[in-house]
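The values are calculated or read from the model by the stated rules, or taken from the named source; none is laboratory data. This is a predicted model, so every value here is computed, not measured. Glycine gets a Cβ as well: all are built from the backbone with ideal geometry, and neighbour counts include every protein chain shown. All accessible areas refer to the heavy atoms of the entire protein, side chains included, with ligands and DNA or RNA removed. Shrake-Rupley method; radii C 1.70, N 1.55, O 1.52, S 1.80 Å.
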Amino acid sequence: MTSATDPQASPGHWEADVLLRDGGSGHLRPIRRGDAEALVEFYEGASSRSKYYRFFSAMPQLTEREIERTVGVDNHRRVGLVLMLAEKIIALGQFERLPGPGGPDDLGTEAEVAFLVQDAHQHRGIGQLLLEHLAQIGRELGVKRFVAEILPENTGMQQVFRDAGYSVGGGFADGVVELQFSIDPTVTSQEVMSAREHRAETASIHRFFDARSVAVVGASRRTTTVGQRLVRNLVMGDFQGRVYVVNPAADAVAGMPAYDRVSDIPDDVDIAVVAVPADAVADVVLDCAHKGVHGLVVVSAGFAETGDEGRRLQRQLVRMCRTYGLRLIGPNALGIINTAADHALNASLSPVMPPRGRAGFFCQSGALGLAILENVARRGLGLSTFVSAGNRADVSGNDLLQYWEDDETTGVVLLYLESIGNPRKFSRIARRVSRRKPVIAVKSGRATQGVPMGHSVRASESGQAAVDAMFRQAGVIQVDTLDEMFDVAQLLAHQPLPRGNRVAIVSNSDALALMASDAAVAAGLETRPAPGLGAEASGEDFETALDTALDDPDVDAVLAVFIPPVNTSGAEVADVLAVVGEQSDKPVLSTFLAAEGVPELLRVPDAAGSTAGRGSVPSYQSPDSAMRALGRAVEYAAWLDRPNDADAVGEEPDRARARAVVTGALVGQPEGRPLSDDELGELLAAYGVKLWERIPVTTEEEAVAAGERLGWDVVLKATADHVRHRADMTHVWRNIDDEEEMRDAWETTMERLVETREEPGFVVQRVAPVGVPVSVRGVEDPLFGPVVSYGVSGPATELLGDRAYRIPPMTALDATEMARDIKAAPLLLGYRGSEPVDIAAVERLLLTVAQLKNDFAEVRELDLSLVIVGSVGVTVLTASARVEPAVDARSDWFARRMASLAETMPD
């Protein structure tokens, strides 16, 4: 990607911040001529063995020629990437394209690849990262295969290639191991990348929760200050590790010696909690980096939430943390909490240490975080870990999802999301996590699409419908309020999942039982008969009724409703509920004395010491809340029962053919352009979709000729929207069977368009088969990337917003559900005795459009605005497409990278 002004110019996405295997970070970028001195220093720091492995000979120093060859790359024939840490090179990866059959000037499709990693940073997964990014660059440049020559004893580098998920071939020749492999992404290579990403991000979060030593920077002797509160919460929260206070203006704080700087602390420091003014945080980062601190929790305010100067400070903070390999929670964060018995940690501003439990909670707002912790404590729900990330400039909900997936102490994941910075990644991770444990999310700003100050989110053009589709595909349980989140969480954290939607109601109040029955129907549940209980029912009566209901094979869950009569002890009924709830393999929930949460009388202790263990019976203030929570659990259980099929593509498309259309259309078009009919037909044909033949015409004679060519039985259609939608132009849709009718249609049309200033343009098409008209649209959304939508064609759909949305990649089951999600779906299924149409063909078309959009970010919009679904197959009558240079090359799909500064910083 060279240019006349900069022969080393390269695309911006070749540069990336990356996480290493152990959770540390580094900055990956193309090497530049200005790196010559840093390159020499890097090479001098490598061991003789590493140098020998790289060059197959003893080379104690780089020659001038080798230095020039390394830094003087053109980023086309030769590419070099360096991994930077603390502004020093710690690794180098290169490839050089080999000549093709045409000779030295013919750039072939093979490239020789090589790496060198400083010994101190080996075994951190750096070689694997370099390979991922070099392969992505190679694909962009047209490279098809990598080759590598490796000494037999360099088993580590051989393993890097063999473990990457590619099909590696080769053998032993002339004393070296020669390896070759195609760099096209494979299912295995993407699974390997995903697993490595998961491991690295999990490790980076584990460093926070597993901290054994914490420094509080900005600790104060005054009891009302933030720093003093942080120290107090750490100490009072039963932290078993070491707490250090940093305050250059004090000798001691809270009875502990104060240090001037973090680097003055004599022992190791795992994390630092920072409570100093915003303009002083940068100095703290440098100090912590010098000390070897792993991560920062910045509770200080005054950053992007305050305006331009705050945005500058936040950008500087993130850049410095990335430069020196630190992860950052915040700024403007409430902090983090771990309730683990062996090392409880309250590194937050919350005086409330939540009870130990099975739920992990992530939120962004600090003020809201305090309310959440108080609510959790009041309900007796219990948390495993808690993070309030504030402006989430670095660590986000995606990182926490990665951590909680494997965390054995977390059984339910709770997310309060004010914004989603990278929804594609969220969807990918959440799909996987939801298969192992429920993920419950509240997404605020549904009505306004608002984003809090300090958060960076690219504007979405698809709106809340795309968010809802993303959650639904990923199996995320989306709720509207925090109260509903806790209602669902206390059920899923303590009771088994229901096997179906049939619920029995055991109550000592007929009125409440009737209310509960209505609530069940409203929640999509089916009520089953249960033994009736009178107002004076005893604990023994409740036990008999509960056992009978739970033994019924036609019952999937039981709601027990108890109000206190005069002669029955609440404790007696509570004992029964607790025993039954612990022993049942079906969920038992209750409205017990209108209590909310997990009342102490209904709790079951567990070996881990949780406040309420598995088998505890949740209680709700009203049957409405209980049934809504059960309804969400039923929906989640049904999602889990779906086949976990792989992303579906049907027949393999001809991507090379499609790529030729897209790249050809963009030549000399920096702003992009619409595709012509011929180009669009070629693009769709590459994916097995045939566009109904349409012949553009501008004169009467051309219209007649088109009708003759198509064999008549045609329509004359205006191509401009303002004409198509005019009521007096509906005649142009009529069947035209011969030349006389065509000339008459043309003459009448021209008379009625005499007042129209814009030339509409026309097309002639054959009359379409009879069927139901639908539309399928794929767009490149700035936030979500590819988005597919679908609905029945017509103004009613537009007025009512009756469209279904999905985020590619899609599975066959996604397409099946999407085709039936719209309210107008009965029109396709034989509504009021009409003939059902080929809905399976609709599903195939949805998958095809999803695959095309998934493959080509350059296709800004693909609009199949009129598709007729017949009894057999579909007919695409009207379509249009626009291509633009890709703003997002989707390079994060095939090479790991952290969110860029542009993604983490608001404008």
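Screening Ala535 with (1) surrounded by fewer than 22 Cβ atoms within 10 Å (Cβ to Cβ); (2) modelled with pLDDT of 95 or more; (3) not charged (D, E, K, R) gives one miss only, at (2).
Being more than 30 Å from Arg356 (Cα to Cα) and among the hydroxyl-bearing types (Ser, Thr, Tyr), is that true of even one residue in the range 258-279? For the range 258-279, residues more than 30 Å from Arg356 (Cα to Cα) and among the hydroxyl-bearing types (Ser, Thr, Tyr): present. Looking across the range 593-623, the residues that are open to solvent by less than 10 Å² (accessible area, probe 1.4 Å), of a type outside the set (S, T, N, Q) and not in a loop (DSSP other than H, G, I, E, B) come down to Gly597, Leu602, Pro623. Checking each residue in the range 572-592 for being in contact (Cβ under 8 Å) with a residue 40 or more places away in the chain and either outside any loop (DSSP other than H, G, I, E, B) or surrounded by fewer than 16 Cβ atoms within 10 Å (Cβ to Cβ) (or both) picks out Leu577, Gly581, Asp585, Val588, Leu589, Thr591. Screening Val281 against (1) of a type in the set (A, V, I, L, M, F, W, C); (2) within 24 Å of the chain's Cα centre (by Cα); (3) over 30 Å from Leu383 (Cα atoms) leaves a single unmet condition, (2).
When Leu847 is evaluated against the numbered criteria (1) modelled with pLDDT of 95 or more; (2) open to solvent by 40 Å² or more (accessible area, probe 1.4 Å), which criterion, by number, is the only one it fails? The failed condition is (2).
Scan the range 704-742 for residues that are part of a helix (DSSP H, G or I), modelled with pLDDT of 90 or more and surrounded by fewer than 16 Cβ atoms within 10 Å (Cβ to Cβ) and jot them down. Spell out how you get there, then give the answer.
Filtering the range 704-742 for residues part of a helix (DSSP H, G or I) gives 704-710, 721-724, 727-733, 739-742.
Restricting the remaining residues to those that are modelled with pLDDT of 90 or more gives 704-710, 739-742.
Within the range 704-742, Glu708, Arg709, Glu739, Glu740 meet the criteria.
Output yes when any residue across the range 634-647 is in contact with a strand residue (DSSP E or B) (Cβ under 6 Å, 6 or more places away or on another chain), closer than 30 Å to Leu847 by Cα and surrounded by fewer than 14 Cβ atoms within 10 Å (Cβ to Cβ), and no when none is. Yes, that holds for at least one residue. Listed by first and then second residue, the pairs with beta-carbon distance under 9 Å, at least 6 apart or on different chains, first residue in the range 193-215 and without any contact (Cβ under 8 Å) to a residue 60 or more places away in the chain, second surrounded by fewer than 17 Cβ atoms within 10 Å (Cβ to Cβ), are Ser213/Gly241; Ser213/Arg242; Ser213/Asp267; Ser213/Asp268. Annotation: Ser891 fulfils all but one of (1) over 30 Å from Gly138 (Cβ atoms); (2) at pLDDT below 95; the unmet one is (1).
Does Leu414 count as farther than 24 Å from Arg327 by Cα and in contact (Cβ under 8 Å) with a residue 40 or more places away in the chain?
On the way: farther than 24 Å from Arg327 by Cα: no; in contact (Cβ under 8 Å) with a residue 40 or more places away in the chain: yes.
So Leu414 does not fit the description; no.
Checking Val792, Val776, Val772, Val842 one by one, the residue that is in contact with a Phe, Trp or Tyr (Cβ under 6 Å, 6 or more places away or on another chain) and buried (at least 17 other Cβ atoms within 10 Å of the Cβ) is Val776 and no other.
You will find that of Leu400, Leu334, Leu381, the residue that is touching a Phe, Trp or Tyr at 6+ places or on another chain (Cβ under 7 Å) and at pLDDT 95 or above is Leu400 and no other. Limited to the range 491-515, what total is found for residues that are out of contact with any helix residue (DSSP H, G or I) (no Cβ under 7 Å at 6 or more places or on another chain), part of a helix (DSSP H, G or I) and either of a type in the set (A, V, I, L, M, F, W, C) or closer than 20 Å to Arg603 by Cα (or both)? Matching residues across the range 491-515 total 3. For beta carbons closer than 8 Å, sequence separation of 6+ or different chains, a first residue in the range 337-364 that is in contact (Cβ under 8 Å) with a residue 24 or more places away in the chain and a second that is open to solvent by 30 Å² or more (accessible area, probe 1.4 Å) and among the aromatic types (Phe, Trp, Tyr), the qualifying pairs are Phe361/Tyr416; Phe362/Tyr416; Cys363/Tyr416; Gln364/Tyr416.
Before we move on, is Lys823 within 25 Å of Ala665 (Cα to Cα) and not in a strand (DSSP E or B)?
no
Against the conditions (1) touching a strand residue (DSSP E or B) at 6+ places or on another chain (Cβ under 7 Å); (2) polar (S, T, N, Q); (3) outside any strand (DSSP E or B), Thr878 satisfies every one except (3).
State whether the residues of the range 537-552 include one that is touching a helix residue (DSSP H, G or I) at 6+ places or on another chain (Cβ under 6 Å), assigned to a strand (DSSP E or B) and closer than 19 Å to Gly615 by Cα. No, there is no match, as no residue in the range 537-552 is touching a helix residue (DSSP H, G or I) at 6+ places or on another chain (Cβ under 6 Å), assigned to a strand (DSSP E or B) and closer than 19 Å to Gly615 by Cα.
Of the residues making up the range 503-516, none is touching a residue at least 12 places away in the same chain (Cβ under 8 Å), open to solvent by 30 Å² or more (accessible area, probe 1.4 Å) and touching a Gly at 6+ places or on another chain (Cβ under 6 Å).
For the range 117-126, does any single residue satisfy the condition of being crowded, with 18+ Cβ neighbours inside 10 Å, farther than 22 Å from Ala195 by Cα and not β-branched (Val, Ile, Thr)? Within the range 117-126, one or more residues are crowded, with 18+ Cβ neighbours inside 10 Å, farther than 22 Å from Ala195 by Cα and not β-branched (Val, Ile, Thr).
For Ala341, state whether it is at pLDDT below 95 and within 27 Å of Asp22 (Cβ to Cβ).
yes
Within the range 110-160, the set of residues being among the acidic types (Asp, Glu) and either more than 30 Å from the chain's Cα centre (by Cα) or closer than 17 Å to Val176 by Cβ (or both) comprises Glu110, Glu112, Asp119, Glu149, Glu153.
The lone criterion from (1) within 22 Å of Pro152 (Cα to Cα); (2) of a type in the set (A, V, I, L, M, F, W, C); (3) under 39 Å from the mean Cα position of the chain (by Cα) left unmet by Val71 is number (1).
Could we say that Ser167 is within 23 Å of His13 (Cβ to Cβ) and of a type in the set (Gly, Ala, Ser) here? Show your work before the answer.
Working: within 23 Å of His13 (Cβ to Cβ): no; of a type in the set (Gly, Ala, Ser): yes.
So Ser167 fails the test.
Evaluating Pro101 against the criteria (1) modelled with pLDDT under 95; (2) under 25 Å from Arg162 (Cβ atoms); (3) open to solvent by 40 Å² or more (accessible area, probe 1.4 Å) leaves one unmet condition, (2).
Within the range 414-446, which residues are among the hydrophobic types (A, V, I, L, M, F, W, C) and under 17 Å from Gly366 (Cβ atoms)? Talk me through it step by step, then tell me what you get.
Within the range 414-446, the subset among the hydrophobic types (A, V, I, L, M, F, W, C) is 414-415, 417, 420, 426, 429-430, 433, 439-442.
Scanning the range 414-446 gives Leu414, Leu415, Leu417, Val442.
One residue alone among Gln158, Gln94 is of a type in the set (S, T, N, Q) and assigned to a helix (DSSP H, G or I), and that residue is Gln158. Scanning the range 245-277 for residues that are open to solvent by less than 20 Å² (accessible area, probe 1.4 Å) and either out of contact with any strand residue (DSSP E or B) (no Cβ under 6 Å at 6 or more places or on another chain) or not small (Gly, Ala, Ser) (or both) returns Val245, Val246, Val253, Val262, Ile265, Val269, Ile271, Val273, Val274. Annotation note: of Leu107, Leu85, the sole residue that is surrounded by 14 or more Cβ atoms within 10 Å (Cβ to Cβ) and modelled with pLDDT of 95 or more is Leu85.
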